[in-house]
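The values are calculated or read from the model by the stated rules, or taken from the named source; none is laboratory data. Model, not experiment: these values are computed from the prediction. Note that each Cβ is placed from the backbone with ideal geometry, even for glycine, and that neighbours are counted across all protein chains shown. Surface accessibility is based on the protein's heavy atoms, side chains included, excluding ligands, DNA and RNA. Shrake-Rupley method; radii C 1.70, N 1.55, O 1.52, S 1.80 Å.
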Amino acid sequence: MSRLQQVTVLGATGSVGLSTLDVIARHPERYQVFALTGFSRLSELLALCVRHTPRYAVVPEAAVARSLQNDLRAAGLATHVLVGEEGLCQVSADPEVDTVVAAIVGAAGLRPTLAAVDAGKKILLANKEALVMSGALFMQAVRKSGAVLLPLDSEHNAIFQCMPGDFARGLSQVGVRRILLTASGGPFRQTPLAELESVSPDQACAHPNWSMGRKISVDSASMMNKGLELIEACWLFDARPDQVEVVIHPQSVIHSLVDYVDGSVLAQLGNPDMRTPIANALAWPERIDSGVAPLDLFAIARLDFEAPDEQRFPCLRLAREAAEAGNSAPAMLNAANEVAVAAFLERRIRFPEIASIIEEVLSREPVVAVNDLGAVFEADAKARTLTRQWLSRNAR
Ligand code: NDP
Ligand code: MG
């Protein structure tokens, strides 16, 4: 084996970050942690630094950095603490880094992820919001720098595994007819529609199959997550929105499928555990142990499929419309969703209002071209302002 791969984990204190560090810790002969970043869970970040001894840690503010730096020194560690977005971009682009795991949640991950892209790193992308916001510019930057972009999102990692190696030539060139994007349907797949008015944040976060951060858990309950994933799939695999079909599959065993013109349909299966796509992307094109138990098909016994109901899940329709409109629409959709989901988690709005706010915000602003990152952040800021205005007029 050649030298140790240096890995930066953006969003190390989160659900994907912790799963990544679990896989990395199983392979000390391959990987060394270069940098870990956190935001609010600082005692967890300290414990992770003690466990993985990174060269750098990154936190949002100078006062927090001083306190963490003191704690690290007291623990006998040489880890150097950096601050804010600048620090995040620095540990993404450092010449010594080979791989950047992009696992910050939301728009906050965009600049640091792009810093890794511009520096030509191997990027393991969990932070789908970054790609949704800036799709065309993001993919252009990947092509320009020669960065290697590998999906961590379980569905996209599954699609990646089922695609031929030369899929970048174009889906029709490689005989792909459709991408079948599976969705569990989340905790409210069968909840009577009237009851959705009164569901709590904890109910929305109680995902039947996956354990994840709270924002993506709410997105899964509203199926906005699948909408964002549809947009993500279009960019990663150069597909049109009408080439991506969403299939509800409540067991979350098939993580997605690729349908070829000869009638072959390839699927990737596995237990619903993020360590599988993480290990796949970390070691690609090799395979390493992820710590995930072997799939027990006899225990699963059956696999079910159904079509999504857009009346129950209007966010899916809104995301498809944004995918078709392109330009500033996905960035606006994402920003309105981030603000609305935060308001729902704070119990300021009811669950069905997430979709109605987003719909209203999108209907108020014309879709405009986004030719640079400034325009992306402008669309993002506009949607946040409109959503906050709606909240100050209507929320509890
Ligand atoms: P978590 O909420 O568990 O973790 C988010 C991470 O981002 C934490 O490390 C958090 O720090 C950090 N963070 C939050 N806000 C900021 C900010 N403003 N600036 C810098 N860092 C910040 O989320 P998940 O791990 O569940 O999800 C991360 C990303 O991966 C999301 O984009 C999600 O859609 C995607 N994803 C997640 C999957 C999962 O299984 N969880 C599956 C597929 C995709 P702290 O905790 O210290 O506050
Ligand atoms: Mg997913």
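Results, tabulated for the structure shown:
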{"read-out": "Members of the stretch 149-184 found to be in contact (Cβ under 8 Å) with a residue 12 or more places away in the chain, assigned to a helix (DSSP H, G or I) and more than 14 Å from ligand 1 (Cβ to nearest atom), listed by number", "value": "GLN161, CYS162, PHE167, ALA168"}
{"read-out": "Selected residue (only one of VAL16, VAL105, VAL7, VAL100 is within 16 Å of ligand 2 (Cβ to nearest atom), under 26 Å from GLY146 (Cα atoms), not in a loop (DSSP other than H, G, I, E, B) and not basic (Lys, Arg))", "value": "VAL16"}
{"read-out": "Residue satisfying condition, being over 26 Å from GLY120 (Cβ atoms) and assigned to a helix (DSSP H, G or I), within set GLN140, GLN203", "value": "GLN203"}
{"read-out": "Scan of the stretch 127-143 for residues that are touching a strand residue (DSSP E or B) at 6+ places or on another chain (Cβ under 9 Å) and either aromatic (Phe, Trp, Tyr) or open to solvent by 20 Å² or more (accessible area, probe 1.4 Å) (or both), ordered by number", "value": "PHE138, MET139"}
{"read-out": "Single match in GLY120, GLY146, GLY106 (criterion: touching a residue at least 40 places away in the same chain (Cβ under 8 Å) and either under 22 Å from ALA336 (Cβ atoms) or surrounded by fewer than 24 Cβ atoms within 10 Å (Cβ to Cβ) (or both))", "value": "GLY106"}
{"read-out": "Test: residue in the stretch 185-195 that is away from ligand 2 (no atom under 16 Å from the Cβ), more than 16 Å from the chain's Cα centre (by Cα) and under 26 Å from LEU124 (Cβ atoms)", "value": "no"}
{"read-out": "Filter result for the condition that a residue is of a type in the set (D, E, K, R) and over 25 Å from LYS121 (Cβ atoms), over ASP309, ASP289", "value": "ASP309"}
{"read-out": "Matching residues in the stretch 237-251 - criterion: being open to solvent by 10 Å² or more (accessible area, probe 1.4 Å) and either over 21 Å from GLU324 (Cα atoms) or among the hydroxyl-bearing types (Ser, Thr, Tyr) (or both)", "value": "PRO250, GLN251"}
{"read-out": "The stretch 108-125: number of residues that are within 16 Å of ligand 2 (Cβ to nearest atom) and part of a helix (DSSP H, G or I)", "value": "1"}
{"read-out": "Subset of the stretch 118-171 (residues that are over 23 Å from LEU257 (Cα atoms) and among the acidic types (Asp, Glu))", "value": "ASP118"}
{"read-out": "Candidates THR37, THR20, THR79, THR53 - the one that is open to solvent by 70 Å² or more (accessible area, probe 1.4 Å) and either within 11 Å of ligand 1 (Cβ to nearest atom) or farther than 20 Å from LEU125 by Cβ (or both)", "value": "THR53"}
{"read-out": "Unique match (being touching a Pro at 6+ places or on another chain (Cβ under 8 Å) and at pLDDT 95 or above) among ALA281, ALA293, ALA325", "value": "ALA281"}
{"read-out": "Hits in the stretch 305-348 - residues which are within 15 Å of ASP242 (Cα to Cα) and touching a Cys at 6+ places or on another chain (Cβ under 8 Å)", "value": "ALA323"}
{"read-out": "Extreme residue, nearest to GLY76 (Cα to Cα), among residues of the stretch 22-61 that are of a type in the set (D, E, K, R) and out of contact with any Ser or Thr (no Cβ under 8 Å at 6 or more places or on another chain)", "value": "ARG51"}
{"read-out": "Every residue from the stretch 194-236 that is open to solvent by 40 Å² or more (accessible area, probe 1.4 Å) and within 13 Å of ligand 1 (Cβ to nearest atom)", "value": "ASN209, SER211, MET212, ARG214, ILE216"}
{"read-out": "Which numbered condition VAL258 fails, given (1) assigned to a strand (DSSP E or B); (2) out of contact with any Leu (no Cβ under 6 Å at 6 or more places or on another chain); (3) open to solvent by less than 30 Å² (accessible area, probe 1.4 Å); (4) not aromatic (Phe, Trp, Tyr)", "value": "(2)"}
{"read-out": "Candidates GLY11, GLY38, filtered to the one that is at positive phi and in contact with a helix residue (DSSP H, G or I) (Cβ under 6 Å, 6 or more places away or on another chain)", "value": "GLY11"}
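This table checks each residue for (1) crowded, with 16+ Cβ neighbours inside 10 Å; (2) in contact (Cβ under 8 Å) with a residue 12 or more places away in the chain; (3) part of a loop (DSSP other than H, G, I, E, B); (4) not assigned by TED's automatic domain parsing to the domain that holds ALA136.
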position: PRO277; (1), (2), (3), (4): yes, yes, no, yes
position: ALA299; (1), (2), (3), (4): no, no, no, yes
position: ALA319; (1), (2), (3), (4): yes, yes, no, yes
position: PRO330; (1), (2), (3), (4): yes, yes, no, yes
position: ILE357; (1), (2), (3), (4): yes, yes, no, yes
position: GLU360; (1), (2), (3), (4): no, yes, no, yes
